[in-house]
């Protein structure tokens, strides 16, 4: 395990710059010399880009959604080493073809040049997706307001709610209802609202919640099958907490767990999990890992388009990508990221294609064809991510998103 892996596992939000990394390596008595570059394939056609402005997305993002990658260095070439082969430590996954260098077909340009994602002329940001493919979007009708709406699979958008400019800590949807956690800048969540897009009712969930006085919400807020979940802790204390569930049907609350640790609440297409329990969505491939392990820590990073699934794990200096479809077909691939970079972040999956980003570099989205094992850079896209319903989005600018025509993406082979 490298020092980068240690930092990633124990402080996943942290990114070491070169000086920090060299100081830590020296303290541990490890070499600061770069590894040999034999067999390393650089991602070509990358360009220097200015830092982009923050986007109006939630600050506490669980594994599925959304999938925002922090790009923290000044640019440059990113590189991965191709190793191929299957992972013997993951018995639930089958082996895929050996990974090799490929080139994206020219037809991908047209598929990725769709009309920008906009609502009433305003750039829209994908926030979350329901299992039925309904997409939750946000946009800024004015410089000081944030609006939410539900985008149906046919592209029509139904406005749901507008808020004054403030931090939106967590958002989710079940296709009809939207749950939003709100707070003031730099503070904890102060209000959790459940909004019905049909009746237009708004429920403020925290005032009647069974939370001790002075406790606050610092976790994600999830909605699944008619229930809303969140965790609460004493202000400034991460070593105690409760997990609370609210029932939409009868407006009742239930304390699901009282913990001697932070009450992590994680959600994605697999369901909702907290350190001592979970609710799993039915009908998923058996190969998928649980959201949290026995210690209550996240197991992996999973992305989906609703029909196929991909997740990643770290093994030393290699990132292991797993892919599965609804029929039970599973494939595993290994890619080694060069030491001067910060590992790979899985961002999306669309049918046979898996997308990932090389951290600490700009414009380094890569695409893996799981049928052929071909791996190619996609330098036009800063970030590609997917969501249930077959949605695939490309972020082309500070807050400009395009819906990719997934059906037009053609397979590619090794060079």
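Being buried (at least 16 other Cβ atoms within 10 Å of the Cβ) and outside any strand (DSSP E or B) holds for only one residue in 233, 219, and it is 219. Within the option set 195, 269, 244, being modelled with pLDDT of 95 or more and surrounded by 19 or more Cβ atoms within 10 Å (Cβ to Cβ) holds for one residue only, 244.
One line per residue, one yes/no per condition, for (1) in contact with a strand residue (DSSP E or B) (Cβ under 6 Å, 6 or more places away or on another chain); (2) at pLDDT below 90; (3) within 30 Å of residue 140 (Cβ to Cβ); (4) part of a strand (DSSP E or B):
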residue	(1), (2), (3), (4)
323	yes, no, no, yes
328	no, yes, no, no
334	yes, yes, no, yes
340	no, yes, no, no
345	yes, yes, yes, yes
349	yes, no, yes, yes
367	yes, no, no, yes
386	yes, no, yes, yes
411	yes, no, no, no
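When residue 284 is tested against the conditions (1) in contact (Cβ under 8 Å) with a residue 12 or more places away in the chain; (2) within 21 Å of residue 319 (Cβ to Cβ); (3) over 16 Å from the mean Cα position of the chain (by Cα), the lone failure is (2). Within region 152-169, being more than 19 Å from residue 198 (Cβ to Cβ) and outside any loop (DSSP other than H, G, I, E, B) holds for 163, 164, 167, 168, 169.
In region 115-128, of all residues being in contact with a strand residue (DSSP E or B) (Cβ under 9 Å, 6 or more places away or on another chain) and not in a strand (DSSP E or B), the one that is modelled with the highest pLDDT corresponds to 120. Say whether the condition of being part of a strand (DSSP E or B), assigned by TED's automatic domain parsing to the domain that holds residue 224, modelled with pLDDT of 95 or more and buried (at least 18 other Cβ atoms within 10 Å of the Cβ) is met by at least one residue in region 129-151. Looking for residues that are part of a strand (DSSP E or B), assigned by TED's automatic domain parsing to the domain that holds residue 224, modelled with pLDDT of 95 or more and buried (at least 18 other Cβ atoms within 10 Å of the Cβ), one finds none in region 129-151, hence no.
The values are calculated or read from the model by the stated rules, or taken from the named source; none is laboratory data. Computed from a predicted structure; not experimentally measured. For neighbour counting, all protein chains shown are included, and Cβ atoms are generated from backbone atoms with ideal geometry for every residue, glycine included.
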